[in-house]
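Right, one structure below, let's go through it.
The values are calculated or read from the model by the stated rules, or taken from the named source; none is laboratory data. Here the structure is a predicted model, which means the values were calculated and not measured. A quick note on method: Cβ atoms are made from the backbone with ideal geometry, for glycine too, and the neighbour counts reach across all protein chains shown. Quick note on the areas: whole protein, heavy atoms, side chains included, nothing else; ligands and nucleic acids left out. Shrake-Rupley method; radii C 1.70, N 1.55, O 1.52, S 1.80 Å.
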2 protein chains.
Amino acid sequence: MSKIPVMEIFGPTIQGEGIVIGQKTMFVRTAGCDYACTWCDSSFTWDGSSKHLIKQMTATEIWHELKNIGGDYFDFVTISGGNPALLKNLGELVTLLKDKKVQTALETQGSKWQDWFKDIDFLTLSPKPPSSQMETDFNKLDEIIAQLEEKQPNLKVVVFNEEDLAYAKKVHLRYPKLSFCLQVGNDDSMTTNNDVLRSNLLAKYEWLLEKTMHDSEFKNIRVLPQLHTYIWGNKRGV
Amino acid sequence: MSKIPVMEIFGPTIQGEGIVIGQKTMFVRTAGCDYACTWCDSSFTWDGSSKHLIKQMTATEIWHELKNIGGDYFDFVTISGGNPALLKNLGELVTLLKDKKVQTALETQGSKWQDWFKDIDFLTLSPKPPSSQMETDFNKLDEIIAQLEEKQPNLKVVVFNEEDLAYAKKVHLRYPKLSFCLQVGNDDSMTTNNDVLRSNLLAKYEWLLEKTMHDSEFKNIRVLPQLHTYIWGNKRGV
Ligand code: SF4
Ligand code: SF4
């Protein structure tokens, strides 16, 4: 079996974002990303700062570590990054989890296709808005969504400002049939003052609601905060 | 057309609870309940205190009011109560909304069957735990779930204490195939001190996570707070 670069494995905890928010899950975070979003809240997976923590593991080794930490307490695993879609051989883990009757969720920005996307139970495509300073390749995104025809992914866009919101609308209108989620951006992924963080995020969430509730081009949408940030602030590995 | 007792119609706003948490939706709240839960947060729908606000409306009149308030901003309607399942003729509204290509969600404690349950897109059965002082008729619940075979409902149990949690587990294990959501109970549905309310609810949410994350009988579950209470406190009609 080939090796997968793993940054951290933790849980069980709840999924704090998106379409399965609140789901009890284990997390496997892979290392490496083809983007470098200005506000990336997991930049340690790609900026070299935590390079020493990366472990090269086979799918079987990852499974053993999941069982070692999560015991018999879970039947759901979320794979995140970085961008896990960079890893062709991650398919081995996806297949193994499927064999173990464990449900899977995965998030990627949608810059790269992998055949194993089809085996993910909850695939979230999260293209990045202008504030990230990244450029979305919409042709690639079209291609990925077209290939997933039977098992439709869901979309999530993080919003920091008006420009991001206009981008989010463009994405929503381009793929009107896909389940669509707007998420409040976390401006300050470094602060340890949880009270200030919470009230800032709450204010931003209210702003996002104000902007979207009376907009007829945002109809079938979900608007969500990052639940885990409200609870644990910016703490890692919870 | 026959008349439906309506307590309030409002929105668009977000669904603050359960499986479609964050969904943009209009709300129609019907009057009347066959239960009297001790901690009911919508007791005004059945305790007589807001009797003067009840309007007898046909399905068409409800639709006009929805359009009047919600304009072209919505394509999702959540019906709540009280217990809307008491109303046989609510089926007329459900059919009308279906004709208008509007998605529907409905929550009921599961004490009564209605044929129109089959036409609801997101049906939540929320049997009440011991702290409510109500008694669950599990035979009835079995019957309802059996009748919904093709279009499975989801389950939600509100938890205030250990006894409620044991009850929730019983429900989850009885219907292992149904999507299951645990929700933090709001002890204090009267306070207007939102900061205190928020920190109390946060502490309770953390307690609920502690209790469930390392329990192998709670596997495929979601654990959620009431989002709207975090944002707006106990304010009505938002
Ligand atoms: S795509 Fe995701 S992991 Fe990569 S830089 Fe952007 S936010 Fe960070
Ligand atoms: S079933 Fe619902 S509406 Fe009826 S009393 Fe209980 S909490 Fe209130």
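Using helices alone, I'd like the mean residue ellipticity at 222 nm for the protein assembly as shown: each DSSP H run of four-plus residues gives -39500 (n - 2.57), total over residue count, nearest 500. Present the calculation step by step, with values, prior to reporting the outcome.
Working: 12 runs with 142 residues, N = 476.
The helix contribution divided over the protein assembly as shown gives -9000 deg cm²/dmol.
What ³J(HN,Hα) values, in whole Hz, does the Karplus curve 6.51 cos²θ - 1.76 cosθ + 1.60 give for the range B:55-62 when θ = phi - 60°, with x put for Gly and Pro?
Each residue's phi maps through the Karplus curve to give 10, 8, 10, 7, 4, 5, 5, 4 Hz.
Between chains B and A there is a rotation axis; tell me the chain B residue with the nearest beta carbon and how many whole Å away it sits.
Axis-proximal residue of B, distance in whole Å: B:ILE21, 3.
How shielded is A:127-140 by partner chains, expressed as the average number of their Cβ atoms within 10 Å of its Cβ atoms? Please list the in-between numbers first.
Working: counts 0, 0, 0, 0, 0, 0, 0, 0, 0, 0, 0, 0, 0, 0.
Rounded to a whole number, the mean comes out at 0.
Among DSSP beta bridges lying fully in the range A:1-148, give the percent that are antiparallel, nearest 5. Walk me through the numbers before you get to the answer.
Details: 9 of 21 bridges.
Rounded to the nearest five, the antiparallel share is 45 percent.
What list of ³J(HN,Hα) couplings, whole Hz, do you get for the range A:23-38 from phi and the Karplus terms 6.51, -1.76, 1.60, once you set θ to phi - 60° and write x for glycine and proline?
After applying 6.51 cos²θ - 1.76 cosθ + 1.60, I find 5, 5, 7, 8, 10, 10, 10, 8, 9, x, 8, 8, 10, 8, 4, 4 Hz.
Hey, got the average number of other protein chain Cβ atoms within 10 angstrom for residues in B:174-183? Show your work: numbers first, answer last.
Details: counts 0, 0, 0, 0, 0, 1, 1, 2, 2, 1.
For peptide B:174-183, the averaged partner shielding equals 1.
Arrange the residues A:THR95, A:THR13 by how much accessible surface each exposes, largest first, with a 1.4 angstrom probe.
Numbers: A:THR95 70, A:THR13 10 Å².
These residues rank, largest area first, as A:THR95, A:THR13.
Assume the label is 7 Å from Cα along Cα to beta carbon: what separations in nm does A:GLU135 have to the matching positions in the other copies?
Distances to the matching label points in the other copies: 7.0 nm.
What shape does the protein assembly as shown take by its C-alpha gyration tensor, where a ≥ b ≥ c are the square roots of the eigenvalues and a/c under 1.5 counts as rounded, a/b above b/c as prolate, and the rest as oblate?
prolate
Could you pull out the trypsin sites (Lys or Arg not before Pro) across the range A:127-193 that fall in loop regions by DSSP (anything but H, G, I, E, B) with no more than 10 other Cβ atoms inside 10 Å? Each step should come with its number before you reach the end.
On the way: sites: A:LYS140, A:LYS151, A:LYS156, A:LYS169, A:LYS170, A:ARG174, A:LYS177; in loops: A:LYS151, A:LYS177.
Those satisfying the criteria are A:LYS177.
Taking B:LYS67 in one copy and the same position in all the others, each labelled 7 Å out along Cα→Cβ, what are the pairwise distances from the first, in nm, shortest first?
With the label placed 7 Å along Cα→Cβ, B:LYS67 yields 6.0 nm.
Kirkwood hydrodynamic radius, the range A:4-232, all distinct C-alpha pairs: what's the number in Å? Let's see the in-between values first.
Values: mean 1/r = 0.0549 Å⁻¹.
Final number for the Kirkwood radius of the range A:4-232 is 18.2 Å.
For the range A:4-232, what does the relative contact order come out to in percent, with C-alpha contacts under 8 Å and a separation of six or more? Numbers along the way, then the final one.
Working: 399 pairs, mean separation 41.6, N = 229.
Over the range A:4-232, the number comes to 18 percent.
Which far-off residues, 5 or more places away or on another chain, put their amide H under 5 Å from the one on A:VAL6, with H placed in the peptide plane?
For A:VAL6, the qualifying residues are A:ALA31, A:LYS55, A:GLN56, A:MET57.
May I ask you to evaluate 6.51 cos²θ - 1.76 cosθ + 1.60, the Karplus curve with θ = phi - 60°, for each residue of the range B:65-76 and list the ³J(HN,Hα) values in order in whole Hz, giving x for glycine and proline?
5, 4, 5, 4, 8, x, x, 9, 8, 9, 9, 8
Scan around B:GLY16 for amide H atoms under 5 Å from its own, H built in the peptide plane at 1.01 Å from N, and keep only partners 5 or more places away or cross-chain.
B:GLY22, B:HIS228
Using modelled amide H (1.01 Å from N, peptide plane; none on Pro or chain starts), what sits under 5 Å from the amide H of A:CYS37, excluding residues fewer than 5 places away?
When sequence neighbours closer than 5 places are left aside, there are no close amide H contacts.
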